[in-house]
Each structure stands twice: as C-alpha cells, then as structure tokens.
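Before any comments, here is the structure.
The values are calculated or read from the model by the stated rules, or taken from the named source; none is laboratory data. Since we're looking at a predicted model, the values are computed, not measured. Every residue, glycine as well, gets a Cβ built from its backbone with ideal geometry; the counts of neighbours run over all protein chains shown. Protein only, heavy atoms only, side chains kept; ligands, DNA and RNA dropped before computing areas. Shrake-Rupley method; radii C 1.70, N 1.55, O 1.52, S 1.80 Å.
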Amino acid sequence: MTELAPTGHAPTVLRIQRRGPVRTLVLQRPARRNALDAPLVDALTAALTDAEHDPATRAVLVTGAGPSFCAGADLQHLLALADAGASPVPFLRTVSDLTRRIERSPLPVVAALHGHAVAGGLEIALACDAVVAETGTLIGDGHIRNHLVPGAGSAVRMRRKLGDSLGRWLGLSGELLPAERFLPTGWLHAVVDTGRGAEEGLRVAEALAAAAGPAQAAFKAVLAELDDEPSVEAGLRVELEEFARHWATHDVPAELRRFLTRRAAG
C-alpha cells in the first residue's frame, strides 16, 4: 500500500493510499467520528479529482479512520457558522456537490462502512456505486434527531436506493439501524465481520477496477442520466432550499447546543 500526499490540503484530514489500480481515501478525523467540516469536504473533492486524472487509478474506495465511517456534518462547524452570522447552506452545498461528483465520476466508487454512517456519512455512501459494511454498523439519516433537515441528498436518494417505506422511515424517525437490516434492500453489497470492512471494500473495488475501461465509464454515465428522471439536481436544490428555510425560521443552533451539552455530560 503506497501513501500519497493530498494535493493542497493538510494530510491530517484525509489519508490517501494506493494499491494497484485502487486509490483509497481515508477520512482522518477519528476524534470527531470523521464528521464533515469544510477542510475535509474540500480534501475529498480534490482527491476525487486527482484520482480521475490519474491513468493508473481505476477505482476509488472511501473509508474512515477510528471508531466510525462518518457521523455526518460537524455540528460544531455548523454552530461556528451560526455564531459568525453565516448560513450553513454554502457549506452544505459543497457536501451536496461532493455526493453528485461521486455519483457522476467516471470511476467506480466504493464505500466501506463501520461504526456509524449517519446523515452526511449516509449521504456519501448513498452516492457510491457499491457499499459494504461491518456487522453491527449503525446506519441512518439521523438529521431529525438534531432538529435538522437533510442538505446533501438523503431525501433525494434514500427512497430510490432503499425503497420508499424504509427511506421514509429513516427520514421521519431519525432511527439508526444495524447494517444487517439493509441487506434485503440490495443496497449493501455485503456485511462482513468487524474489522474486515476495508479489506472487503478493497476486494470489491479491485473487482470493479478489473472491469475498468471506456465501456464501464459510459455505462456509469448512462446510469447517472437515467437517475435524473426526475432530475437529481432539482431534488438536491429543493432539499437545500428546505434546509435554508428551516434554519432561518427555527432556532436550530440552540437545539444543536443543547444536544452537544447533553452528549458532553454523558
């Protein structure tokens, strides 16, 4: 496994590795359960661009360091924006754009989940071409638990990928379900033993890399176009508009502070 330096970004937020034709992007904020902030989202976007311009890279694997894959947007980052009098919508638009980039990338992208894949973490996974998870991984939308509305694709993709009933339940209840619950939906490629998620994700990515070529990229482009009926872009726009309306008309920062205070108190 070869370590690569992230282009133009601090190596502390994202680790990039390459083994053969697979480039692995490891979210590297373990103390924050790899919660998404602006530097991490920017680093992921840049790393995907770099991978697409590397002829030796034929597939991408996204994993997370530490106890979880990704717990969603960093609530402290959202509160810092609120305290500065800034809307979080521009930041969330970068997350939304990242999920769309993954979806429309000519490279197949695999996600290997463990621990938690919640809110923004789920939104990234929903945009990937194949997803594996370690047993017991808790997966869900979770936004409603923090008085938030999705802003990066949950409402657009959950019902398509998971089925209408389960997608509605996850969005309306905020419940987190173990990975095994998602196997019947066909969305998860496999559920493997604890500690084997990255290994299985690499195996799946290598299988996709072995089939790489112009036909594979063209087929993925066709899938992206078919998914646009009705338009994914329109759905993502509606989602962000509703997030902005909800943020502006309710004291969401106060609810986030109460949540973080309860969590810190144990």
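The residues listed here are Glu200, Glu239; of these, the one that is closer than 25 Å to Pro253 by Cα, open to solvent by less than 60 Å² (accessible area, probe 1.4 Å) and in a helix (DSSP H, G or I) is Glu239. Only residues that are of a type in the set (S, T, N, Q), open to solvent by less than 10 Å² (accessible area, probe 1.4 Å) and part of a loop (DSSP other than H, G, I, E, B) were counted across region 125-161, and they come to 1.
Could you grab me the full set of residues in region 162-195 that are among the hydroxyl-bearing types (Ser, Thr, Tyr) and either open to solvent by less than 40 Å² (accessible area, probe 1.4 Å) or assigned to a helix (DSSP H, G or I) (or both)? Full working, then the answer.
First, the residues of region 162-195 that are among the hydroxyl-bearing types (Ser, Thr, Tyr): 165, 173, 185, 194.
Listed by number, the residues that qualify are Ser165, Ser173, Thr185.
Could you figure out which of (1) within 19 Å of the chain's Cα centre (by Cα); (2) in a loop (DSSP other than H, G, I, E, B) isn't true of Ala205? Here Ala205 clears every test but (2). With respect to being β-branched (Val, Ile, Thr) and touching a residue at least 60 places away in the same chain (Cβ under 8 Å), Val222 falls outside the description.
Which residue is most open to solvent (accessible area, probe 1.4 Å), if the candidates are limited to region 16-47 and must be assigned to a strand (DSSP E or B) and in contact (Cβ under 8 Å) with a residue 40 or more places away in the chain?
Arg19
Among the residues of region 79-99, count how many are over 13 Å from Gly151 (Cβ atoms), open to solvent by 20 Å² or more (accessible area, probe 1.4 Å) and either in contact (Cβ under 8 Å) with a residue 12 or more places away in the chain or part of a loop (DSSP other than H, G, I, E, B) (or both). Before the answer, list the steps.
Filtering region 79-99 for residues over 13 Å from Gly151 (Cβ atoms) gives 79-80, 82-86.
Checking which are open to solvent by 20 Å² or more (accessible area, probe 1.4 Å) leaves us with 80, 82-86.
This time we only want the ones that are either in contact (Cβ under 8 Å) with a residue 12 or more places away in the chain or part of a loop (DSSP other than H, G, I, E, B) (or both), so: 82-86.
Result for region 79-99: 5.
When Glu103, Glu3 are checked against the criterion of being outside any loop (DSSP other than H, G, I, E, B), modelled with pLDDT under 95, surrounded by fewer than 22 Cβ atoms within 10 Å (Cβ to Cβ) and under 12 Å from the mean Cα position of the chain (by Cα), a single residue qualifies: Glu103.
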